[in-house]
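Chemist: Below you will find the structure I want to go over with you.
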Amino acid sequence: IGLPAEFFGEGVDAAVSEAVKNAIGVLEKAGAELVPCTMPSMSHALAAYYVICTSEASSNLARFDGIRYGPGGEMRKSWHEEFTDRRQQKFGREVRRRIILGTFSLATGYFGRYYHKAQTARQMVTDDFNRLFQDVDLIAGPTMPSIAFNLKEKSDPLQMYLSDILTVPANLAGVPALSVPCGKVDGMPVGLQLIGRHFEDEKVIDAAYAYEQGAV
């Protein structure tokens with residue numbers, strides 16, 4: 001089992017890191033060999049993920065204009081005003097925020113600067129996983145760098161996006177990953193993330209099951 005230093009480094013709560021390391025110790029007692037490793041592309045993963053996912057959201061949701069798709073109804077204003085009003089009414093604030101970010105990333109003059117570079121970073125993440133999986137069967141680490149937010153903190157979108165830092169690499173590379181509860185910090189649950197090679201979902205699930213059995 002590979003343990004990337006970046007999964008336990010700066011920004012990861014010490015108590016969360018300790019809980020996850022204790023959980024990994026259960027797998028070690030069951031016979032797993034732990035292999036320290038590094039994943040340099042982690043520094044680009046979060047930015048790349050949000051450029052790509054917001055761009056895809058902008059493209060995919062463009063059809064829901066209330067005319068061809070969506071709520072519909074009689075036109076009472078100019079097309080531009082009607083289009084804007086209907087999308088504001090039917091899309092939540094976070095959805096609108098992501099559409100705007102994605103539209104910006106895909107705009108003429110910015111496509112190469114953002115979207116193309118994000119896809120390059122995505123390949124770097126995939127290459128890192130492929131390199132690591134030459135020496136290990138699984139990668140383990142925390143699911144989130146901290147425990148769950150309280151309600152007031154949810155109003156800060158930047159903090160919410162940063163909480164995805166440890167899960168976006170698997171999404172970018174398209175490799176199987178899961179989170180299994182592995183303890184609590186301040187009464188809040190902590191997750192152990194397990195990541196496997198492409199198409200080796202069963203191995204990831206088996207490892208999670210082995211942890212659950214060993215933790216009983």
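Read-outs: derived from the displayed coordinates by stated rules, not from any lab. Every value quoted in this text rests on a predicted model; they were computed, and no experiment measured them. Here Cβ is always computed from backbone atoms with ideal geometry, including for glycine, and neighbour counts include all displayed protein chains.
Chemist: In degrees from 0 to 90, rounded to the nearest 10, what is the angle of the helix 201-215 Cα long axis to the longest principal axis of the chain?
Modeler: In the chain, helix 201-215 runs at an angle near 50 degrees to the longest axis.
Chemist: For an R0 of 22 angstrom, estimate the FRET efficiency from the Cβ-Cβ distance between Gln88 and Arg63 and round to the nearest 0.05.
Modeler: So the FRET efficiency works out to roughly 0.85.
Chemist: Name the longest site-free stretch of the chain, where the excluded sites are GluC sites (Glu not before Pro) in a DSSP loop with no more than 11 other beta-carbon atoms within 10 Å.
Modeler: Result for the longest clean stretch: 75-216.
Chemist: Could you tell me what percent of the DSSP beta bridges with both partners in the chain are antiparallel, to the nearest 5?
Modeler: Once the DSSP bridges in the chain are tallied, antiparallel ones form about 75 percent.
Chemist: Now, a different point. Would you mind ranking Ile147, Ile195 so that the residue whose beta carbon has the fewest other beta carbons within 10 Å leads the list?
Modeler: The order, fewest Cβ neighbours first, is Ile147, Ile195.
Chemist: Express the relative contact order of the stretch 2-215 as a whole percentage, based on alpha carbon pairs under 8 Å and six or more residues apart in sequence. Present the calculation step by step, with values, prior to reporting the outcome.
Modeler: Details: 287 pairs, mean separation 63.4, N = 214.
Across the stretch 2-215, relative contact order equals 30 percent.
Chemist: For each of His116, His80, count neighbouring Cβ atoms within 10 Å of the residue's Cβ, then give the residues from fewest to most.
Modeler: Working: His116 13, His80 8.
Starting with the residue having the fewest Cβ neighbours, the order is His80, His116.
Chemist: When a footprinting reagent is the concern and you count Cβ atoms within 10 Å, what order do Arg93, Arg122, Arg113 take, fewest first?
Modeler: Arg93, Arg113, Arg122
Chemist: Taking 0.36 nm per residue of sequence separation and subtracting the Cα-Cα distance, how much length would be gained by fully extending the chain between Leu162 and Phe104, in nm to one decimal?
Modeler: 18.9 nm
Chemist: So between Ala5 and Glu18, what do we pick up on full extension, going 0.36 nm a residue minus the alpha carbon distance?
Modeler: 3.3 nm
Chemist: While we're looking at this one, here's another question. What does the extension gain come out to for Lys184 and Tyr209, with contour length at 0.36 nm per residue minus their alpha carbon separation?
Modeler: Working: separation 25, 0.36 × 25 = 9.00 nm, distance 1.87 nm.
So the extension gain works out to 7.1 nm.
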